[in-house]
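Trainee: The structure's right below; bear with me while I get my questions together.
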Amino acid sequence: MAAQRNKATAGQQESILRQLPAVDRVLENGQILDWARERGFDRRFLRLAANHFLDDLRSGIRSGRVDANHLEERLAHLAEGVATSAESLLQLNLCAVINATGVVVHTNLGRSPWSAAAADRVAALSRRYLNLEFDIEAGKRGGRDAPVERLFHQILPDAGVAVVNNNAAAVLLVLNTLADGKEVVVSRGQLVEIGGSFRIPEVMGKSGSILREVGTTNRTHRSDYEAAINPNTGLLLAVHPSNYRVVGFTEGVSLEELVEIGRAHGVPVAEDMGSGNLLDLSPFGIPHEPSVGDRLASGVDLVTFSGDKLLGGPQVGFVAGKPEFVQRTRTNPLFRALRLDKATFLAIEATLAAYVAGQLDEIPTVAMLKAPRDVLQRRAEALAKRLCAEVPEGRVKIDVVEVDSRVGGGAAPETDLPSYAVSLESEEGPNRLATALRLSDPPVIARILEDRLVMDLRTVQRDEEDDLVAVVASVLTAD
Ligand SMILES: *Cc1c(COP(=O)(O)O)cnc(C)c1O
């Protein structure tokens with residue numbers, strides 16, 4: 001109502017609008033020209049920023065937000081105004097967020113944060129020329145993924161490996177290479193959809209292969225596969241069910257058995273492993289998932305897996321297995337369309353090198369998965385103490401609570417990882433608090449559990465703790 005009362009009449013607004021300078025006048029301002037030259041902005045962008053600034057004032061005047069005095073004030077600081085408009089036009093959308101959800105491989109938050117070694121390598125080398133496809137010793141063209149294969153051999157000496165953009169691409173490539181125009185036999189219990197519209201039947205359609213479903217949702221037998229094999233069978237495919245489980249009255253065919261069936265009929269066998277852990281994670285409380293090495297030891301011809309799930313690297317899809325099969329995928333023309341950027345190569349090399357050296361704590365995802373409970377408890381207690389010191393008493397109840405973290409990324413969906421969180425409980429409920437934290441800089445993404453907002457320390461990196469304290473303190477002391 002107050003705005004209504006103060007609002008200028010249409011005639012007054014017109015006269016304020018007439019005081020707005022023309023864009024060409026703004027572009028004659030010496031201060032603005034100097035600033036644009038310094039920043040390397042061209043004339044076209046400068047005009048865009050000036051128009052943006054003037055449009056903003058124009059709509060302010062029309063809405064009554066900008067009166068004559070306000071306008072005079074803004075025009076007295078013309079250069080600052082245009083600079084602010086320029087910055088807002090250039091604002092980038094991606095920003096770092098603090099993941100306090102406790103979901104380690106969080107697909108909405110960029111999955112695995114890169115290791116410092118991976119990030120440093122990219123920062124140092126991406127500005128320069130590299131021997132990406134150049135054999136320095138021979139002085140001629142070299143293979144793009146040879147360095148990755150060399151490192152991979154130190155982990156799994158007998159396996160061939162090729163890398164593409166992500167695991168979805170790896171699956172597409174394997175299907176197209178081994179079964180274009182041919183049938184691929186898959187159990188009905190494994191025709192899964194992974195979040196983000198990756199569905200096995202649809203990928204298969206795009207690969208040119210023909211889905212041959214066998215068995216039922218809960219039970220598939222060896223004889224089902226055997227009965228489906230015919231002269232046009234190109235591949236037997238096993239798929240990790242990832243984010244769901246078939247439980248109860250179930251039966252499946254093990255990968256070892258599938259390999260036997262494939263051998264007996266001369267049909268290759270592949271598995272989409274999904275997460276693809278290079279390590280046995282059971283010492284860290286994650287139920288035994290066969291590792292890439294375990295799977296290859298079963299005799300499977302190819303496996304595919306992601307680089308940015310449990311492996312903790314950049315977004316990559318691995319095709320690993322029998323060297324002659326890997327080589328066939330590499331010579332498929334699709335391979336060229338799915339290849340990695342140099343930044344990803346740099347990051348995956350650094351990540352694999354940490355595995356070779358056993359420096360697991362250097363890989364954030366792995367370090368988070370194996371973080372000991374007592375360490376998480378101490379961190380939560382220290383964080384709660386710092387918050388209690390900064391936040392006026394009575395506004396909110398700050399506690400340390402036990403919570404369950406999640407692996408995420410479709411891996412081990414039923415596994416809870418016991419963890420510790422700082423919980424905030426206030427009279428107004430957790431939703432407003434969650435929104436305020438999300439809209440902070442940096443955004444803090446937390447979880448709501450019953451009436452509390454909880455921040456799980458497992459997924460908060462140590463060098464983010466100061467920011468976290470500052471953001472939470474500022475939200476809790478505001479208004
Ligand atoms: C995650 C997943 C994919 C897709 O992998 P991206 O790396 O996200 O492309 C495919 N198959 C399974 C079983 C998965 O878990």
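Trainee: Within the stretch 246-266, track down each residue that is touching a residue at least 40 places away in the same chain (Cβ under 8 Å) and either in contact with an Asp or Glu (Cβ under 6 Å, 6 or more places away or on another chain) or not polar (S, T, N, Q) (or both).
Mentor: Val246, Gly252, Val253, Leu255, Glu256, Leu258, Val259
Trainee: Here is a list: Ala337, Ala382. Which entry is away from the ligand (no atom under 14 Å from the Cβ), surrounded by fewer than 21 Cβ atoms within 10 Å (Cβ to Cβ) and either closer than 24 Å to Thr107 by Cα or in the same structural domain as Ala264 (by TED's automatic domain parsing) (or both)?
Mentor: Details: Ala382 fails: either closer than 24 Å to Thr107 by Cα or in the same structural domain as Ala264 (by TED's automatic domain parsing) (or both).
Answer to the selection: Ala337.
Trainee: Any idea how many residues of the stretch 3-30 are touching an Asp or Glu at 6+ places or on another chain (Cβ under 9 Å) and in a helix (DSSP H, G or I)?
Mentor: 3
Trainee: Looking only at residues in the stretch 278-315 that are buried (at least 24 other Cβ atoms within 10 Å of the Cβ) and closer than 16 Å to Val174 by Cα, which one is nearest to the ligand (Cβ to nearest atom)?
Mentor: Within the stretch 278-315, the match that is nearest to the ligand (Cβ to nearest atom) is Ser306.
Trainee: Show the residue pairs meeting these rules: Cβ distance below 6 Å; 6+ apart or different chains; first residue within the stretch 293-310 and in the same structural domain as Gln154 (by TED's automatic domain parsing) and under 18 Å from Thr351 (Cα atoms); second residue among the hydroxyl-bearing types (Ser, Thr, Tyr) and within 14 Å of the ligand (Cβ to nearest atom).
Mentor: Asp308/Ser112; Lys309/Ser275; Leu310/Ser275
Trainee: Going by the structure shown, is Leu132 within 15 Å of the ligand (Cβ to nearest atom), surrounded by 14 or more Cβ atoms within 10 Å (Cβ to Cβ) and in the same structural domain as Leu279 (by TED's automatic domain parsing)? Walk me through it before giving the result.
Mentor: Values: within 15 Å of the ligand (Cβ to nearest atom): no; surrounded by 14 or more Cβ atoms within 10 Å (Cβ to Cβ): yes; in the same structural domain as Leu279 (by TED's automatic domain parsing): yes.
It is false that Leu132 is within 15 Å of the ligand (Cβ to nearest atom), surrounded by 14 or more Cβ atoms within 10 Å (Cβ to Cβ) and in the same structural domain as Leu279 (by TED's automatic domain parsing).
Trainee: So in the stretch 388-399, with the set limited to residues that are touching a residue at least 12 places away in the same chain (Cβ under 8 Å) and surrounded by fewer than 19 Cβ atoms within 10 Å (Cβ to Cβ), which one is nearest to Val422 (Cα to Cα)?
Mentor: Filtering the stretch 388-399 down to residues touching a residue at least 12 places away in the same chain (Cβ under 8 Å) leaves 390-392, 395-399.
Next cut, surrounded by fewer than 19 Cβ atoms within 10 Å (Cβ to Cβ) only: 390, 392, 395, 397, 399.
Details: Glu390: 15, Pro392: 17, Arg395: 15, Lys397: 10, Asp399: 6 Å.
Result: Asp399.
Trainee: Just to be sure I understand, how many residues within the stretch 257-277 are more than 16 Å from the ligand (Cβ to nearest atom) and either touching a His at 6+ places or on another chain (Cβ under 6 Å) or over 25 Å from Ala169 (Cα atoms) (or both)?
Mentor: Number satisfying all stated conditions: 7.
Trainee: Filter the stretch 316-334 down to the residues that are within 16 Å of the ligand (Cβ to nearest atom) and surrounded by fewer than 20 Cβ atoms within 10 Å (Cβ to Cβ) and list them by number.
Mentor: If the condition is that a residue be within 16 Å of the ligand (Cβ to nearest atom) and surrounded by fewer than 20 Cβ atoms within 10 Å (Cβ to Cβ), then Leu334 is the only one that fits.
Trainee: Conditions: (1) out of contact with any Lys or Arg (no Cβ under 9 Å at 6 or more places or on another chain); (2) in a helix (DSSP H, G or I). Pro392 meets all but one. Number of the miss?
Mentor: Against the list (1) out of contact with any Lys or Arg (no Cβ under 9 Å at 6 or more places or on another chain); (2) in a helix (DSSP H, G or I), Pro392 comes up short only on (2).
Trainee: I've got another one for you. Read through the list (1) in contact with a strand residue (DSSP E or B) (Cβ under 7 Å, 6 or more places away or on another chain); (2) within 14 Å of the ligand (Cβ to nearest atom); (3) farther than 17 Å from Ala411 by Cα, then give the number of the only condition that Ser207 fails.
Mentor: Going through (1) in contact with a strand residue (DSSP E or B) (Cβ under 7 Å, 6 or more places away or on another chain); (2) within 14 Å of the ligand (Cβ to nearest atom); (3) farther than 17 Å from Ala411 by Cα one by one, Ser207 breaks only (1).
Trainee: Another question about this same structure. Could you list, in sequence order, all residues of the stretch 153-204 that are β-branched (Val, Ile, Thr) and either touching a Leu at 6+ places or on another chain (Cβ under 6 Å) or more than 10 Å from the ligand (Cβ to nearest atom) (or both)?
Mentor: Step one: list which residues in the stretch 153-204 are β-branched (Val, Ile, Thr), which gives 155, 161, 163-164, 171, 174, 177, 184-186, 192, 194, 200, 203.
Within the stretch 153-204, Ile155, Val161, Val163, Val164, Val174, Thr177, Val184, Val185, Val186, Ile200, Val203 meet the criteria.
Trainee: Still on this structure, please answer the following. Just to be sure I understand, how many residues within the stretch 450-470 are surrounded by fewer than 16 Cβ atoms within 10 Å (Cβ to Cβ) and either at pLDDT below 95 or assigned to a strand (DSSP E or B) (or both)?
Mentor: 2
Trainee: Please determine, by comparing only the residues of the stretch 180-222 that are modelled with pLDDT of 95 or more and of a type in the set (S, T, N, Q), which one is surrounded by the most Cβ atoms within 10 Å (Cβ to Cβ).
Mentor: Once the filter is applied, the top-ranked residue is Ser187.
The values are calculated or read from the model by the stated rules, or taken from the named source; none is laboratory data. The structure displayed is predicted, hence computed values, not measured ones. Reconstructed Cβ throughout: ideal geometry from the backbone, glycine too, with neighbour counts over all protein chains shown.
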